[in-house]
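The values are calculated or read from the model by the stated rules, or taken from the named source; none is laboratory data. None of these values were measured; they are calculated from a predicted model. FYI the Cβ positions are ideal-geometry reconstructions off the backbone, even for glycines, and counts take in every protein chain you see. Ligands, DNA and RNA are stripped out before the accessible areas are found, and what is left, the full protein with its side chains, is counted by its heavy atoms. Shrake-Rupley method; radii C 1.70, N 1.55, O 1.52, S 1.80 Å.
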Amino acid sequence: MPISTNSDGRKVWQHQTTRAEILQWAGWLVLVALFIFCWQVMTKDTIWAFVYDAPKQGGDLLARAFPPRFEYLPELLVPLWDTLNMATLGTLAGTIIAVPIAFLAASNTTPSRVFVRPVALFLIVASRSINSLIWALLLVSILGPGLLAGIIAIALRSIGFVGKLLYEAIEEIDEKQVEAVSATGASGLQVIDYAIVPQVLPSFLGITVFRWDINIRESAILGLVGAGGLGLKLQSSLNMLAWPQVTMIFIVILGTVVVSEWVSAKVRKAIT
């Protein structure tokens, strides 16, 4: 029932018209029909016997996965270090590339809104539209397996994330500071250095740390396609059906993500 306000400023409930009620019910019927159609499309190839047996199979898998194989932990230290390096170097490389792209994409700092800005925005969108795992899969086929493919994949994915958030922060700056610095006769680079960078620096640092935190999680699984790190050990353990080792790898990944999240939160709090 819609709400209206009378002359005294009080809210009054009003009944919907018959036409509005019919349209509302028609909308709900269309939504239900769409849901049923989508459900049929998604489940047309489902073998329901496997679905009904899934709880039993899942319980059996968990029984074989515990207790974790703690003696496997020393073999994970080097892959863990590789994963951290992959995330850190990839974040650093992606951020370095994203900064100039963000300034070219921001409407108040781009040298050309007609040509340069659309190109910069396209690069940001292209980077964000492809997952790190797909980037790694393509790069492994080009560069071969190893950490280099993973680092570049993380960097390519980070460009869009950092670039988008940074150019939005640039567009939201206080233009009065820019006008004040420009009034002194400063050049374009000096305006950026003294009026824009100080305003966006806290946001930039927070964005970079947040992306590094995300990249640690993503780099942990890039080894599934040959990019090294913990994912490579995970793939090997899965192929051998060594479920206690898989559990140990999951524990290491979880611990790493928790620590990185704590570090990220502390750094962002210190920045702000």
### Message
Please go through the range 47-92 and give me each residue that is under 13 Å from Trp243 (Cβ atoms) and of a type in the set (D, E, K, R), ordered by number.
### Response
Asp60, Arg64, Arg69
### Message
List the residue pairs whose Cβ atoms are under 9 Å apart, where the first residue sits in the range 125-136 and is without any contact (Cβ under 8 Å) to a residue 40 or more places away in the chain, the second is of a type in the set (Asp, Glu) and open to solvent by less than 70 Å² (accessible area, probe 1.4 Å), and the two are 6 or more positions apart or on different chains.
### Response
Asn131/Glu218
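Hey, can you tell me all the residues within the range 136-147 that are open to solvent by less than 70 Å² (accessible area, probe 1.4 Å) and either aromatic (Phe, Trp, Tyr) or outside any helix (DSSP H, G or I) (or both)?
Across the range 136-147, the qualifying residues are Gly144, Gly146.
Could you tell me which of the residues Leu166, Leu189 is open to solvent by 60 Å² or more (accessible area, probe 1.4 Å) and either more than 12 Å from Val99 (Cβ to Cβ) or hydrophobic (A, V, I, L, M, F, W, C) (or both)? Give the derivation first.
Working: Leu166 fails: open to solvent by 60 Å² or more (accessible area, probe 1.4 Å).
Sole residue among the options that is open to solvent by 60 Å² or more (accessible area, probe 1.4 Å) and either more than 12 Å from Val99 (Cβ to Cβ) or hydrophobic (A, V, I, L, M, F, W, C) (or both): Leu189.
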### Query
How many of the residues in the range 95-135 are of a type in the set (Gly, Ala, Ser) and outside any helix (DSSP H, G or I)?
3
### Task
Select from the range 60-74 the residues that are touching a residue at least 12 places away in the same chain (Cβ under 8 Å) and open to solvent by 90 Å² or more (accessible area, probe 1.4 Å) and list them in ascending order.
Arg64, Phe66, Pro67, Phe70
### Message
Can you pull out every residue in the range 237-272 that is at pLDDT 80 or above, of a type outside the set (A, V, I, L, M, F, W, C), out of contact with any Asp or Glu (no Cβ under 8 Å at 6 or more places or on another chain) and surrounded by 15 or more Cβ atoms within 10 Å (Cβ to Cβ)?
### Response
Ser237, Pro244, Gln245, Thr247, Thr256
#### Entry: Residue count for the range 63-95, restricted to those that are at pLDDT below 85 and among the charged types (D, E, K, R)
2
### Query
Would the range 172-180 turn up any residue that is modelled with pLDDT of 85 or more, farther than 18 Å from Ala87 by Cα, more than 21 Å from the chain's Cα centre (by Cα) and open to solvent by 30 Å² or more (accessible area, probe 1.4 Å)?
yes
### Query
Looking at the range 96-135, which of the residues that are among the aromatic types (Phe, Trp, Tyr) and open to solvent by less than 70 Å² (accessible area, probe 1.4 Å) is modelled with the lowest pLDDT?
Trp135
